[in-house]
1. Taking the Cβ-Cβ separation of Glu100 and Val147 as r and a Förster radius of 22 Å, what is the calculated FRET efficiency to the nearest 0.05?
2. Which part of segment 136-163 falls in the paramagnetic zone of Arg93, meaning amide N under 14 Å from the point 7 Å along Cα-to-beta-carbon?
3. Counting other C-beta atoms within 10 Å, and keeping those with at most 16, which DSSP coil trypsin sites (Lys or Arg not before Pro) do you find in segment 116-165?
4. With 10 angstrom as the radius, rank Leu88, Leu39, Leu49 by how many other C-beta atoms surround their C-beta, starting from the fewest.
5. Sort Ser92, Ser131, Ser97 by Cβ crowding within 10 Å, fewest neighbours at the top.
6. Ranked by Cβ crowding within 10 angstrom, fewest neighbours first, how are Val64, Val157 ordered?
7. So what's the gap between the Cα centers of segment 117-141 and segment 81-95, to the nearest angstrom?
8. Taking K and R as +1 and D and E as -1, what net charge do the other residues with C-beta under 14 Å from the C-beta of Pro110 add up to?
Amino acid sequence: MSAKPDPKPTLDDSPPAKSGKRKLILIVAPLVLLTGAGLWFTGILPNLLGLKHEEHKEEAVKPVAPVYVDLPDMVANLNGDPRRPSYLKLQSRLELSKAEDVERVKQAMPRLLDLFQTYLREMRPDELRGSAGTYRLREELIARANVAVAPAKVTDVLFTQMLIQ
């Protein structure tokens with residue numbers, strides 16, 4: 001014999017009724033999250049939880065005036081056309097961060113001038129054209145000066161006069 005399905009639904013076969021709890025969760029959860037985010041970003045919630053951002057108060061550091069050391073005038077024969085030589089006359093100053101470094105720079109002056117002269121003799125006149133060329137020259141001289149006067153620190157090389165002939 002074959003069993004026929006019962007056309008009448010029973011109480012056990014009915015779909016579960018939707019409860020109000022699910023709707024309540026779908027409405028309340030986003031509200032709680034938005035309220036929490038608002039309290040967090042306004043700074044109220046971190047203060048309530050004791051997560052204050054402590055500002056580190058640094059002692060007022062007095063700005064230190066830079067110290068300048070004048071370099072002697074340098075004249076260098078630039079690397080270029082051998083039939084028409086080009087010369088560079090350079091007057092410059094070194095900017096130091098500490099006054100204590102002045103004596104160290106003066107002691108290292110022969111080495112410093114040697115490094116500068118050998119670098120300048122290898123430059124071509126086209127490399128010094130424009131502000132980009134001057135900037136490159138300044139950066140290279142700063143690097144060489146820091147090598148020569150280490151552990152003292154040269155912060156800048158200032159050009160007071162630069163003539164290219």
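The numbers here are math on the coordinates, done by the rules we state, and not lab data. All values reported here derive from a predicted model rather than from experimental measurement. We place every Cβ from the backbone using ideal geometry, glycine too, and count neighbours over all the protein chains shown.
1. The pair Glu100/Val147 has a calculated efficiency of 0.70.
2. Within reach of a label on Arg93: 155-161.
3. Arg129, Lys153
4. Lowest count first: Leu49, Leu39, Leu88.
5. By the 10 Å Cβ count, ascending: Ser131, Ser97, Ser92.
6. Numbers: Val64 9, Val157 21.
The order, fewest Cβ neighbours first, is Val64, Val157.
7. Each part's Cα centre sits 9 Å from the other's.
8. Details: positive: Arg104, Lys106, Arg111, Arg144; negative: Asp114.
With Lys, Arg at +1 and Asp, Glu at -1, the net is +3.
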